[in-house]
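Notes for the one structure printed next.
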Amino acid sequence: MRGDQLARQWQLIQRLARSRSGAHLDELADELDCVRRTVYRDLDALMYAGFPVISEKREGRTYYRFLESFRLGDVPFTPDEVMALAFGEDLLRTLEGTVFHDSIRSALTKIRAGLGPELTSYLELLGQTFRVLPGPHKNYARFRETIQSLNDAVMSRCSVHIEYRTGRTGSVAERNVDPYRVWYRSGGLYVVGFDHRSEEIRTFAVDRIQRIDSTGEPFEIQKGFDFDDYMASSFGVIAEPAVGVRIRFEGRWSSYVEERTWHASQKITPGPDGSIELSMEVGGTADLRTWILSFGSGAEVLEPQSLREEVIRELEASIARYDEVPDSTGRSSSEGNTGRRSSPATA
């Protein structure tokens with residue numbers, strides 16, 4: 001299939017780009033899991049696309065590599081670096097309309113202008129085969145000026161005055177903030193900095209900033225502050241003191257949970273019935289609770305007890321919500337003393 005061919009050629013490009021001394025045909029065939037004849041065809045395809053593949057004979061064996069002085073037109077990048085940049089455009093698609101996405105698109109346009117037509121065509125084909133599709137994310141196109149103002153403030157270390165809407169109550173308050181870092185996580189943009197109102201380092205969602213103005217006043221980052229250390233224990237975007245957390249997942253979720261890194265501190269212990277236990281040292285109770293609830297009955301909090309009780313309350317509230325039957329106006333009303341609604345099969 002065409003997709004398999006392009007995937008194999010992409011691996012071949014990476015292998016040749018990494019090798020200064022070259023790679024033997026048998027090595028390439030083994031690494032690509034194909035026969036020698038297929039490697040020959042792929043090498044021919046790369047040479048036709050503009051990649052200067054050269055061969056050298058040493059001790060009776062032929063080795064293949066890229067020409068050391070190889071440059072992609074006027075672009076000082078290796079072939080696999082150019083490919084990786086192209087895929088990077090997909091990674092930033094969630095920030096479409098912002099300076100981040102626009103800048104990498106502009107850079108890629110300049111890079112492509114320095115490539116030959118054959119290589120440009122090959123790059124487009126490869127881009128159709130390897131795709132990164134964005135998950136749930138916010139739309140930041142209308143926050144372009146806010147993001148730019150934050151970037152300028154972070155770079156110049158200048159305080160900003162913002163009007164900020166809280167997520168829980170929806171109330172808007174004014175505050176002065178020393179922005180330390182603009183941060184992207186889980187489909188959202190955030191700014192971490194010192195909040196003069198609370199006199200604490202806080203995290204603010206960029207899309208909740210209603211207005212932003214520079215104060216013109218310089219600031220110094222608090223002595224000893226390290227962003228990575230500050231967020232190290234956080235499960236989501238809110239930094240809180242870490243606590244020991246243990247969660248049991250049913251067997252149907254075991255593979256899904258095991259295959260992913262949820263936090264740097266995680267440890268996974270398999271159970272005798274196919275279940276697993278996930279242990280972490282994390283903070284950010286609200287984010288953690290929401291994540292646990294997303295597994296429905298497939299996850300059970302073992303500790304801490306406080307988190308277990310929070311999840312129980314949320315589940316009980318959900319059950320109560322489903323015990324109510326919506327009327328013709330869409331409003332809910334109680335079903336009476338039973339607290340349960342009859343299913344269509346038993347009504």
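What the table below lists for this structure:
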| quantity | calculated |
| --- | --- |
| Yes/no for Ile111 being modelled with pLDDT under 75, farther than 25 Å from Leu25 by Cβ, hydrophobic (A, V, I, L, M, F, W, C) and assigned by TED's automatic domain parsing to the domain that holds Ala23 | yes |
| Options Arg202, Arg181: the member that is buried (at least 16 other Cβ atoms within 10 Å of the Cβ), at pLDDT 90 or above and either more than 28 Å from His101 (Cβ to Cβ) or in contact with a Phe, Trp or Tyr (Cβ under 6 Å, 6 or more places away or on another chain) (or both) | Arg181 |
| Condition met for Gly127 (within 30 Å of Glu220 (Cα to Cα) and modelled with pLDDT under 95) | no |
| Helices (runs of 4 or more DSSP H) fully within region 214-298 counting 3 or more residues that are in contact with an Asp or Glu (Cβ under 8 Å, 6 or more places away or on another chain) | 285-293 |
| Filter pass, Asp213 being at pLDDT 95 or above and within 18 Å of Tyr230 (Cα to Cα) | no |
| Unique match (being in a strand (DSSP E or B), outside the structural domain of His101 (by TED's automatic domain parsing) and touching a Lys or Arg at 6+ places or on another chain (Cβ under 6 Å)) among Arg181, Arg175 | Arg175 |
| Every pair of residues 6+ apart whose Cβ atoms lie under 9 Å, when the first sits in region 37-57 and is assigned by TED's automatic domain parsing to the domain that holds Trp10 and at pLDDT 85 or above while the second is part of a helix (DSSP H, G or I) and polar (S, T, N, Q) | Thr38/Gln5; Arg41/Gln5; Asp42/Gln5; Asp42/Gln9 |
| Residue within region 194-208 that is over 20 Å from Leu288 (Cβ atoms), part of a loop (DSSP other than H, G, I, E, B) and under 22 Å from the mean Cα position of the chain (by Cα) present | no |
| Test: residue in region 207-215 that is over 17 Å from Ile147 (Cα atoms), out of contact with any helix residue (DSSP H, G or I) (no Cβ under 8 Å at 6 or more places or on another chain) and surrounded by 14 or more Cβ atoms within 10 Å (Cβ to Cβ) | no |
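The values are calculated or read from the model by the stated rules, or taken from the named source; none is laboratory data. These numbers come from a predicted model, not from an experiment. Backbone-built Cβ (ideal geometry, glycine too); neighbour counts: all protein chains shown.
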